[in-house]
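The values are calculated or read from the model by the stated rules, or taken from the named source; none is laboratory data. All values derive from a computational prediction rather than experimental measurement. Cβ: placed from backbone, ideal geometry, glycine included. Neighbour counts: every protein chain shown. Surface accessibility is based on the protein's heavy atoms, side chains included, excluding ligands, DNA and RNA. Shrake-Rupley method; radii C 1.70, N 1.55, O 1.52, S 1.80 Å.
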Amino acid sequence: MLHLQTRAGRRARRFPKLAFFAAAVFDSFPFRPHAANSLINMPTPPQDPNPSPSSPTGTWVLVAMAFFLISLSFLIASRRNAVDIDLFHEMCLARQFAEEGKFPQTDAFAYTPTVDRVVHHEWGTGAIAYAVIEQLGFKSPGLMGLKYLLVALICGFCCLSAKLRGATWPLIVPGFALATIIGGQIGYTTIRAQLFTMLFLAIQFCLLALDRQGKKWWIIPWLILVVVWANVHAGIVAGLGIFCFYVLFRYVEPFLRKPDTATLKNDRSNHFLIAVAIASMLLLLVNPYGTNYPFYLWYGTTLDRPLINEWKPLLATINDPGFLTLIGVSLLLALVGFKDSWRERPFEVFVVLLTAYLAFKHVRHLSIYAVTWACVVPPGLMRNSMGSELARNAKRLAMPLGIFALAAGIYCMANAWNARFWEMQVPAFTEEEEPSGMLYPVGAVDFLKEIEFEGNLMTPFSMGAFVSWNLYPNVKVSIDSRYEVAYPPGSIEASFDFYDAKDGWQKSLESDKTDAVLVPNFKAVREQLDSLEGWHLLYSDKMFSIFTKQPITGEPVTVESIEFDWEF
């Protein structure tokens, strides 16, 4: 008997679940020997230190964490409350469509040469913004409400994606906090189509996580998402690219786990994904431009834009050591997280590295990298011994961490409140000699509207759409921020050369089509126009001037005020 007890004790220590099951069986016998309790003498199983979400404590902690993430995202988004330049030409197209009753296929806003077929890949964003601002009458508050709704949804779907992949809140919360700091600086604008791409990408990662769980109902929502995404932003290229790589890796993963060609050849469980990928590609044709749209996507995504800051390399655009350190930390965490599980999750490793490469190549893709990171890296850390240990330790401190998250959330929301996060900004003045942010010629546009100016106005690249929104159809512009969407190669470069007063800048004025020129006072061409024969100063304020061909009677209008009010 002593030998039996000793061996049973060893088994109990090795297999605690078997021991508990055996004890339950013994307890169920109507006549059990008294020695049964001593035969299997096991300690009480440890309790999970993580409060259950259904308990009051667990619910409170999760609410505090969610409040912190939303508040942090709102704080970052409040720094980008200036209206994005692209929103105006998007809404101009929507307004034209609403007034004419048919979808425009050619340009109507520029007096300079444009492409034969204008394929506006962001027309859906303009339609949504125009509906909120004009047709529903919500104006500027409605636009800001739409922005923060999108930011909150991005937060929610990124966290949901990480949870569906197995991460828990001790890794999801700091993971998304890091990602939103990195991506929000670029993506949380008011409002550009990229914000929709961030949301749709987070939703896509949720749907792919459902596929990993063996579910199939995600296919219909995905196909619907493809149609919407394709008509809102060219970021659909990123979505379809990621999906195709996902399909590829679903076939490759079994081979990485077991290097056997027979395994790869006999796995037919993922064949349906090929059909979904083909259907997704075909759905690109569901748009107002038909077959022209895929050809534009190829042209637009391969075009080099050296004059636009957001299309420049990350290291050539951002020189903040702290921010660059955060990006480096995110890459290091990704490598640590997938160190032990890259064979099981090669797609996640690949997509993080791919989006990181795109972010370093073009800074605008930093937002795509951030969303990808938030969706897949916290689960990778969860599968790592260091990450899982961190999660266990955090669970033991659930209550103090919840209190900290609540305090941090209140701090972030207070700062967002001080920044008046609900107010849309249309900056019209800065004290910087070389403005780093966006400026709008609010005073100059108000003046042209007041004198009922009609004609062709030469405008800078970043200001033409604002002029069109306020003065079309009485005024047509020379250029705006649609870039390759509307203008042939060389047009943007010629505009930049003119305002920088580079050699041959006068050629832009030789055409009889230009009636007036809108000039930022900080541009080199401003002083040149003062002495250019045949051009006369018509209006000037602290930031902008207007020159015209027509001789004026009296003195030019000079505005000393630096405050201009503008609302939708």
Against the longest principal axis of the chain, how steep is helix 56-78, in degrees 0 to 90 to the nearest 10, with axes from Cα atoms?
20
Put a dot 7 Å past each Cα toward the Cβ at T553 and L335; how far apart are the dots in nm?
7.5
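Averaged per residue, what accessible area in Å² does region 442-558 show with a 1.4 Å probe, protein chains only?
Working: 5210 Å² over 117 residues.
I get 45 Å² per residue for this part.
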Under 25 Å from the Cα of K523, which lysines turn up, not counting those fewer than eight places away in the same chain?
K312, K449, K476, K502, K507, K513, K542, K549
Pairs of alpha-carbon atoms within less than 8 angstrom and 6+ residues apart define the contacts here; what relative contact order does the chain have, in percent?
20
Show the residues, 5+ positions off or on another chain, whose built amide H is closer than 5 Å to the amide H of A110.
V477
Hey, any idea what % of the chain's accessible area is carbon plus sulfur with a 1.4 Å probe?
62
Out of the chymotrypsin sites (Phe, Trp or Tyr not before Pro) in region 194-243, which ones are loop residues according to DSSP with at most 14 other C-beta atoms within 10 Å?
W217
Pairwise centroid distance, computed over Cα atoms, of region 448-490 with region 319-387, Å
41
Please compute the per residue accessible area over region 289-396 with all protein chains in place, 1.4 Å probe, rounded to a whole number of Å².
47
For region 106-159 and region 85-100, compute the distance between their C-alpha centroids and round to whole Å.
8
Between V286 and F138, what is the label-to-label distance in nm when each label sits 7 Å out along the Cα-to-Cβ direction?
2.4
When a/c reaches 1.5 or more, the comparison of a/b and b/c decides; with that in mind, is the chain rounded, prolate or oblate per its Cα gyration tensor?
prolate
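As an exercise, identify the trypsin sites (Lys or Arg not before Pro) in region 145-221 lying in DSSP coil whose Cβ has no more than 10 other Cβ atoms within 10 Å. Display every interim value, and only then the final one.
On the way: sites: K147, K163, R165, R192, R212, K215, K216; in loops: R165, R192, K215, K216.
Sites meeting the loop and neighbour criteria: K216.
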What FRET efficiency do you get for M386 and V228 if R0 is 35 Å and r is their Cβ-Cβ distance, rounded to the nearest 0.05?
0.35
Can you give me the angle between helix 271-282 and the longest principal axis of the chain, using Cα atoms only, in degrees from 0 to 90, rounded to the nearest 10?
10
